Amino acid sequence: MALSDSLAANRSHSVWPVVFVGHGTPLNALRDNAFTRAWARLGETLGRPRAILSISAHWYTRGTRVTAMEQPATLYDFGYQNMFHLNYPAPGLRALAARGAELLKPWPVVFDHDWGFDHGTWSVLLRMFPTADIPTVQLSLDGTSAGKQHRALGRMLRPLREEGVLIMCSGNIVHNLERSVRHGVAQPFDWAERFDSLVRDKLVSREWDALEDYAALSPDAELAVPTPDHYLPLLYALGAAEPMESISFPVEEIDRGSMSMRTIVWGG
């Protein structure tokens, strides 16, 4: 059963875009910079969705889970105590959690009442939709699945786009914290630029199948994607996108030398 017609009628798109956001450090939630300004402009451009389904790199689980509580907590999944005053009190939406689980059948989905909004979700939405009044649900990443399965799950969620739901996938195409430059202005590492540009080229040329196995793309993947968690949200976005939709890149920079902040919008 689709989401209620009365709620879906509030959408401003017949088919909502799909967004992948390179969220970077949670400190962006405190900052006025090129990334946060781009997220704010993107929110203004998109308009108001009926609800948001967020797929964040920071909820990496065994199996697939979905938040199903009325009021998810704001999670401070980092050590920056100067950020603990920030809050993103968007409501949950059990109907969306149930609809997502229905679309993913027979893939098993567990309704979760403990997680909430991690910084992959709220640090971006704080700038994109600052009023925090759009119902939001998070879907976890199954750490036991291969890239092909993650993209397939994204494809199964595609009907949500016609039901007023913005699918927002939050990670980083290149994400190497160990090589990250924490102070001063850092030039992008060559391997980070090469891998980020390679993924961009594959996106534009519609060679999306190749992106399912990041390790096979280039030797640079060893440094660019040392762990899969921040890359995998891209595959959900690819699954939810239509093959011939327009693609735009509101953000294309690399931060701290080793963190691609590339933001991608399909459709719209």
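The values are calculated or read from the model by the stated rules, or taken from the named source; none is laboratory data. This one's a predicted model, so the numbers in the text were calculated from it and none came from an experiment. Positions of Cβ are generated from backbone atoms using ideal geometry, with glycine treated the same way; all protein chains shown enter the neighbour counts.
In the range 151-166, is there at least one residue being crowded, with 18+ Cβ neighbours inside 10 Å and free of Cβ contacts under 8 Å to residues at least 24 places away in the same chain? No, there is no match, as no residue in the range 151-166 is crowded, with 18+ Cβ neighbours inside 10 Å and free of Cβ contacts under 8 Å to residues at least 24 places away in the same chain. Could you tell me which residue of the range 149-179 is nearest to the chain's Cα centre (by Cα), considering only residues that are assigned to a strand (DSSP E or B) and over 19 Å from D229 (Cα atoms)? Here the answer is L166.
Per-residue answers, yes or no, for (1) modelled with pLDDT of 95 or more; (2) of a type outside the set (D, E); (3) closer than 20 Å to V21 by Cα:
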| site | (1), (2), (3) |
| --- | --- |
| V174 | yes, yes, yes |
| R179 | no, yes, no |
| L211 | yes, yes, yes |
| Y214 | yes, yes, yes |
| P219 | yes, yes, no |
| E242 | yes, no, yes |
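Looking across the range 181-195 at every residue that is surrounded by fewer than 24 Cβ atoms within 10 Å (Cβ to Cβ) and of a type in the set (A, V, I, L, M), the one that is modelled with the lowest pLDDT is identified as V185. For the range 180-194, filtering for residues that are outside any loop (DSSP other than H, G, I, E, B) and without any contact (Cβ under 8 Å) to a residue 40 or more places away in the chain leaves 3.
Scanning the range 96-117 for residues that are touching a helix residue (DSSP H, G or I) at 6+ places or on another chain (Cβ under 9 Å), in a loop (DSSP other than H, G, I, E, B) and within 21 Å of G171 (Cα to Cα) returns a single hit, G116.
Residue-level check: of (1) more than 22 Å from Q138 (Cα to Cα); (2) in a strand (DSSP E or B), L223 misses just (2). Contact map, the range 254-268: residues that are more than 26 Å from P243 (Cα to Cα) paired with residues that are surrounded by fewer than 23 Cβ atoms within 10 Å (Cβ to Cβ) and of a type in the set (V, I, T), Cβ distance under 7 Å, separation 6+ or inter-chain. Pairs shown: R256/V181; G257/V181.
Here the range 243-268 is the region considered, the condition is being of a type in the set (A, V, I, L, M) and under 15 Å from L46 (Cα atoms), and the residue that is surrounded by the most Cβ atoms within 10 Å (Cβ to Cβ) is I264. Of the listed requirements (1) in a strand (DSSP E or B); (2) touching a Cys at 6+ places or on another chain (Cβ under 9 Å); (3) not polar (S, T, N, Q), V265 misses just one: (2). The residues on offer are E193, E212, and the sole one that is more than 25 Å from S140 (Cβ to Cβ), of a type in the set (D, E) and out of contact with any His (no Cβ under 6 Å at 6 or more places or on another chain) is E193. Residues that are within 22 Å of E242 (Cβ to Cβ), at pLDDT 95 or above and not charged (D, E, K, R): list the strands (runs of 3 or more DSSP E) wholly contained in the range 10-72 that include at least 3 such residues. Per the criteria, 18-22, 51-61.
Once the range 73-86 is narrowed to residues that are assigned to a loop (DSSP other than H, G, I, E, B) and without any contact (Cβ under 8 Å) to a residue 40 or more places away in the chain, the residue that is nearest to D133 (Cα to Cα) is H85.
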